[in-house]
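Working notes, structure below.
Throughout, read-outs are computed from the coordinates displayed, never taken from laboratory work. None of these values were measured; they are calculated from a predicted model. So basically every Cβ, Gly included, is an ideal-geometry build from the backbone, and we count neighbours across all protein chains shown.
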Amino acid sequence: MKLKKLLISQFMKPNGFLGYLAGFIMAHRPSNRERSFWTISLLDIKHDDRVLEIGFGPGVAIENICNIVTDGFVVGIDHSPVMVKQARTRNREAVKNGRVEILQASVTEPPGFGEPFDKIFAINAFQFWEEPLEILKTLRGMLKPGGLIALTLQPRMKNATDADAKNAGADIVEKLKDSGFVKVRLETKKMKPVLAVCAIGVK
């Protein structure tokens, strides 16, 4: 039981061997992949988009986006060195060819990227942000006018319900509005063991 708790704690900031194991689970768990593909579909990514993922984990979403973004640029930031290593390995060719940049960085202090992005997204990361409003305002400043942000969440705590997911989604929607995003909407997807939600806003 103690080992299980230690492993669960790794999903916030994977490190060491247990962090590597958590990354493996994230990369291969069917619900994680399904949630990732769904989020990507909601972003309506174009071949020449500049895309930023926050908290990319093992880099599965970045790998799939690279099949769409053939003439643009994909960037990921994650505060875990273990996830950076896994994501760089998974996307080694795209990194080598300069189509992808994978950085160890915190969303509270994102690096400067020079040019703004067309799309920014995060999957099961928002719940870990300690100052979400300030972070969202910063991310809004990193988008092009008309750019999209998508924040996906599927509650993973014990005994989570669809109502928990909807309440979390409603909270994200309000925070997007409070930080200046417009045309904010909430998408839902029936999944197991619980509903997934994605709040989308436009700069």
Sorted on mean Cβ neighbours within 10 Å (highest first), peptides 88-94, 42-48 come out as 88-94, 42-48
Toy charge model, Lys and Arg Cβ at +1, Asp and Glu Cβ at -1: region 51-112 dipole around Cα centroid in debye, rounded to 20, equals 260 debye
Mean Cβ-within-10 Å packing, highest first, puts peptides 191-198, 147-154 in the order 147-154, 191-198
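Pairs K119/K189; K85/K190; K96/K190; K46/K183; K46/K192: which are spaced more than 28 Å apart, C-alpha to C-alpha?
On the way: K119/K189 20 Å; K85/K190 32 Å; K96/K190 37 Å; K46/K183 20 Å; K46/K192 30 Å.
From K119/K189; K85/K190; K96/K190; K46/K183; K46/K192, over 28 Å: K85/K190; K96/K190; K46/K192.
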For K177, the aspartates and glutamates lying under 16 Å Cα to Cα, once residues fewer than eight places off in the same chain are dropped, come out as E131, E134, E187
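What fraction of the Cα pairs in the chain, stated in percent, has a spacing above 20 angstrom? Present the calculation step by step, with values, prior to reporting the outcome.
On the way: 11112 of 20503 pairs.
I get 54 percent for the Cα pairs in the chain exceeding 20 Å.
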Straight-line reach check, K144, cutoff 12 Å on alpha carbons, 8 or more apart in-chain or any other chain, hits among aspartates and glutamates -> D49, E115, D118
Calc'd 3J(HN,Hα), region 67-79, phi into Karplus 6.51 cos²θ - 1.76 cosθ + 1.60 (θ = phi - 60°), Hz, glycine/Pro = x, comes to 6, 9, 7, 8, 10, x, 8, 10, 10, x, 10, 8, 8
Residue-ordered couplings for region 49-65, obtained by feeding phi - 60° into the Karplus form 6.51 cos²θ - 1.76 cosθ + 1.60 and rounding to whole Hz (Gly and Pro as x), are 6, 9, 10, 10, 10, 10, x, 6, x, x, x, 5, 5, 4, 4, 6, 5
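Nearest 0.05, what FRET efficiency do T89 and N167 give at R0 = 35 Å with Cβ-Cβ as r? Before the final figure, lay out the partial values.
Numbers: r = 37 Å, r/R0 = 1.05.
Calculated value: 0.40.
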